[in-house]
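Below you'll find the structure, written out as structure tokens, and then a few comments.
The values are calculated or read from the model by the stated rules, or taken from the named source; none is laboratory data. These figures come from a predicted structure and were not determined experimentally. Note that each Cβ is placed from the backbone with ideal geometry, even for glycine, and that neighbours are counted across all protein chains shown. Side chains are part of the model used for accessible areas, which takes the heavy atoms of the whole protein and leaves out ligands, DNA and RNA. Shrake-Rupley method; radii C 1.70, N 1.55, O 1.52, S 1.80 Å.
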Amino acid sequence: MDPSIWELETFYRNRDLIIIGAGFTGLWTAISVKEKFPAKSVLVVERSSVPIGASTRNAGFACFGSLTEIIADSQKMGGERTLELVKMRFEGLKKIQDYFTPDEIDFELCGGYEILNNDQFLAHIDDVNFQLKSITGLQKTFILNSKKLEEFGFRNSEYLVENPCEGNLHSGKLLQKLLEKCHGLGVEFLFGTEVSKISEDEDHVLIKTENFEISAENLIIATNAFTKNLVEDLDLFPARGQILLTEPIENLKIKGTFHYDEGFYYFRNLGNRILLGGARNLDFETEETSTLETTDFLQNHLENFLKTVVLPGQKFKVSHRWSGIMAMGAEKSPVVKAISKRQIVAVRLSGMGVALAPKIGEQVAEMIGDHCKNLIS
Ligand SMILES: Cc1cc2nc3c(=O)[nH]c(=O)nc-3n(C[C@H](O)[C@H](O)[C@H](O)COP(=O)(O)OP(=O)(O)OC[C@H]3O[C@@H](n4cnc5c(N)ncnc54)[C@H](O)[C@@H]3O)c2cc1C
């Protein structure tokens, strides 16, 4: 189908900036660019009718790293890089709270907890607290508070570490508020539009879709786990995360966000229901996929985890099951870099993208600059 002149001169006209992907990264980037450069025309192109990647299918933790994750990351990528990442997440969460009221996004500073079954990591708690003081402002970001295990009904667990700075939110509402903000700033959108190819010459970068092409001065690729279709040679692979949600549970004692096994399991209350996700580490191979399905193997395992760890002795029924796709790599840090004169990738947000995306948006806006069409000189 050939486009009409009316379409070519409006919806499909050239823009200063095109962003591919309307997840948290794409939307925060659009906001940061428009706030910094109001005159720039910005178009976000999203393949689905609503963004379908990780942003609308996650667990809604407003978190910046549990004690064991921070220790494990420091061992893998060094203390300095780990702290940089924690700082970025902490500031990202602050930014979300600056932009939106708790009611608008169901944000609750409920406190986060990590369940441990041995004391191996507890020896490092003072050290980690010392490192985090400059970020959270607290003498003790992580507090051993095992007496709460009983309060929550976790009778099969040994230790509980509390983090008062952690919260949760409603990811769907956050995404809708970001869209509203974008509309207010004059960002334009094309939903249901998959970009199949990107090309670049001296003067422009061009995106191709099934029915039309649009060119821009600069392009941001914010497609996270789905980036390999558009950009080669990135250290990135898809990692599916599966989730289940129970029906309301009478007299539910659990309130907060909870991490288990270095973050491979996570659960929280959603009102008086339990949302539980994870266990990818039991079947890494199958879960390295961008197919949005759930598997009996992992869902059964999650149910068993609910029975034994989260709700021992309590009756529950599962009402919803879904999955979403994260982007992982050799390191946990995101990839935000220019890949040509006109293109930037902002991807690989792993499992804490709610917090990272607001700061990634700022980084990209800095890189674009006022007139900088040439990102690599
Ligand atoms: C199960 C699960 C639980 C999680 N829990 C949490 C949590 O509790 N807290 C937390 O902080 N993080 C969590 N995360 C991670 C977080 O959701 C992600 O890091 C974050 O949403 C990534 O945002 P994004 O915008 O970069 O990517 P995405 O949200 O994946 O957005 C990419 C967008 O690009 C679009 N797209 C892809 N290809 C094309 C194309 N060719 N053309 C046009 N559009 C395209 C997709 O449709 C998609 O909407 C979780 C993730 C999953 C999967």
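Whole-Hz Karplus ³J(HN,Hα) for the stretch 243-257, in order, using 6.51 cos²θ - 1.76 cosθ + 1.60 and θ = phi - 60°, x for Gly and Pro?
Along the stretch 243-257, the couplings run 9, 9, 10, 8, 6, x, 10, 5, 6, 4, 8, 7, 9, x, 10 Hz.
When N is the residue count of the stretch 240-296, what does its C-alpha Rg come to as a fraction of 2.2 N^0.38 Å?
1.25
Can you tell me the FRET efficiency between residue 119 and residue 229 if r is taken as the Cβ-Cβ distance and R0 is 56 Å, rounded to the nearest 0.05?
0.80
Given the Cα-Cα distance of residue 155 and residue 99 and 0.36 nm per residue of separation, how much length would full extension add, in nm?
16.2 nm is the gain from fully extending residue 155 to residue 99.
Treating the angle as unsigned and between 0 and 90°, give the value, to the nearest 10°, between the Cα long axis of helix 67-77 and the longest Cα principal axis of the chain.
50 degrees
What does the accessible area per residue of the chain come to in Å², with a 1.4 Å probe and no ligands, DNA or RNA counted?
46 Å²
At a Förster distance of 35 Å, what's the computed FRET efficiency of residue 212 paired with residue 39, Cβ-Cβ distance as r, to 0.05?
0.90
Mind ranking 156-167, 298-309 by how tightly packed they are, going by the mean number of other C-beta atoms within 10 angstrom, highest first?
156-167, 298-309
Assuming R0 = 45 Å, what is the FRET efficiency of residue 76 and residue 11, from their Cβ-Cβ distance, to the nearest 0.05?
0.50
Leaving out ligands, DNA and RNA, and with a 1.4 Å probe, what % of the accessible surface on the chain is carbon or sulfur?
Carbon-and-sulfur percentage of accessible area, whole number: 48.
Taking θ = phi - 60°, what integer Hz values does the Karplus form 6.51 cos²θ - 1.76 cosθ + 1.60 yield along the stretch 152-164, in sequence order, with x for Gly and Pro?
For the stretch 152-164, the Karplus curve yields 7, x, 7, 7, 9, 10, 9, 10, 9, 10, 9, 10, x Hz.
Please compute the modelled spin-label separation between residue 144 and residue 270, points set 7 Å along Cα→Cβ, answer in nm with one decimal.
Going from the residue 270 label point to the residue 144 one covers 3.5 nm.
Can you give the angle from 0 to 90° between the axis of helix 353-368 and the longest principal axis of the chain, with both taken from C-alpha atoms, to the nearest 10?
Rounded to the nearest ten degrees, it is 30.
List the residues of the stretch 240-281 whose backbone N lies under 15 Å from a point placed 7 Å from the Cα of residue 317 along the Cα-to-Cβ direction.
Within reach of a label on residue 317: 245-250, 273-274.
Projected onto the charge dipole of the stretch 147-231 (+1 at Lys/Arg Cβ, -1 at Asp/Glu Cβ, origin at the Cα centre), which of 212, 231, 169 gives the Cα projection farthest towards the positive end?
Checked the options; the winner is 169.
On a C-alpha basis, how far is the centre of the stretch 225-301 from the centre of the stretch 53-76 in Å? Whole number, if you could?
12 Å
Could you work out how far helix 79-99 tilts from the main Cα principal axis of the chain, as a 0 to 90 degree angle to the nearest 10?
In the chain, helix 79-99 runs at an angle near 80 degrees to the longest axis.
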